[in-house]
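These notes concern the structure reproduced below.
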Amino acid sequence: MAAQAIAATRERVLVAVMGDEDTVTGLLLSGIGHIDSKQRGNFLVVDSKTPLPKIEETFEEFVKRRDIAIILINQHVADTIRELIDEHTAAFPTILEIPSKDHPYDPSKFA
């Protein structure tokens with residue numbers, strides 16, 4: 001059983017990011033960007049024109065992918081899909097909410 005768990009986590013090598021343009025660009029410049037053979041990226045730039053169904057669909061895709069270990073998401077983006085995030089209880093991928101330049105992190109949302 002433990003061997004299966006270790007093998008499953010070895011597949012998870014990517015960090016995905018969903019957030020504003022500055023956050024995503026900065027993380028892509030740091031080297032986390034990846035496009036697989038099916039032309040699926042591990043990032044989504046979210047702005048005021050991004051439809052909610054696109055954000056939800058991308059999040060659900062990232063959660064289902066077996067190559068993603070961590071999903072970094074700006075807190076203000078996470079607030080738009082809070083129900084989906086709260087439903088996610090698995091250890092992988094781990095979801096980390098991060099601040100953005102225009103929306104500082106608000107720890108009181110988790111009190």
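The values are calculated or read from the model by the stated rules, or taken from the named source; none is laboratory data. Please read these numbers as outputs of a predicted model, since none were measured by experiment. Reconstructed Cβ throughout: ideal geometry from the backbone, glycine too, with neighbour counts over all protein chains shown. These area figures cover heavy atoms from the full protein model, side chains too; ligands, DNA and RNA do not enter into them. Shrake-Rupley method; radii C 1.70, N 1.55, O 1.52, S 1.80 Å.
Quick one: net charge of HIS34's neighbours, Cβ under 13 Å, K/R +1, D/E -1?
Local net charge: +2.
The length gained by stretching the chain between ARG40 and THR25 to full extension, at 0.36 nm per residue less their Cα-Cα distance, is 3.7 nm. Using a ≥ b ≥ c from the Cα gyration tensor of segment 21-62 (square roots of the eigenvalues), is it rounded, prolate or oblate, where a/c under 1.5 gives rounded and otherwise the larger of a/b and b/c decides, a/b for prolate? Judged from the Cα gyration tensor, segment 21-62 comes out oblate (a/c at least 1.5, b/c at or above a/b). Under a 5 Å amide H cut-off, with hydrogens placed 1.01 Å from N, THR94 pairs with ILE70, ILE71 among residues at least 5 apart or on other chains.
Relative contact order of the chain: 30 percent, from C-alpha pairs under 8 Å at least 6 residues apart in sequence. Using Cβ point charges alone (K and R +1, D and E -1), the dipole size of the chain about the Cα centre works out to roughly 460 debye. Here the gap between ASP67 and ALA91, fully extended at 0.36 nm per residue and compared with their Cα-Cα distance, gives a gain of 7.3 nm. Expressed as a whole percentage, what fraction of the accessible surface of the chain belongs to carbon and sulfur atoms when a 1.4 Å probe is rolled over the protein heavy atoms? C and S fraction of accessible area: 57 percent. Need one word for segment 33-95: rounded, prolate or oblate. Basis is the Cα gyration tensor (sqrt eigenvalues a ≥ b ≥ c); a/c below 1.5 gives rounded, then a/b vs b/c decides. In terms of gyration-tensor shape, oblate.
For the chain, what D do you get in µm² per second when you plug the Kirkwood radius from alpha-carbon pairs into Stokes-Einstein at 4 °C and 1.567 mPa s?
89
Once the 1.4 Å probe is applied to the protein heavy atoms, the chain comes out at 62 Å² accessible per residue.
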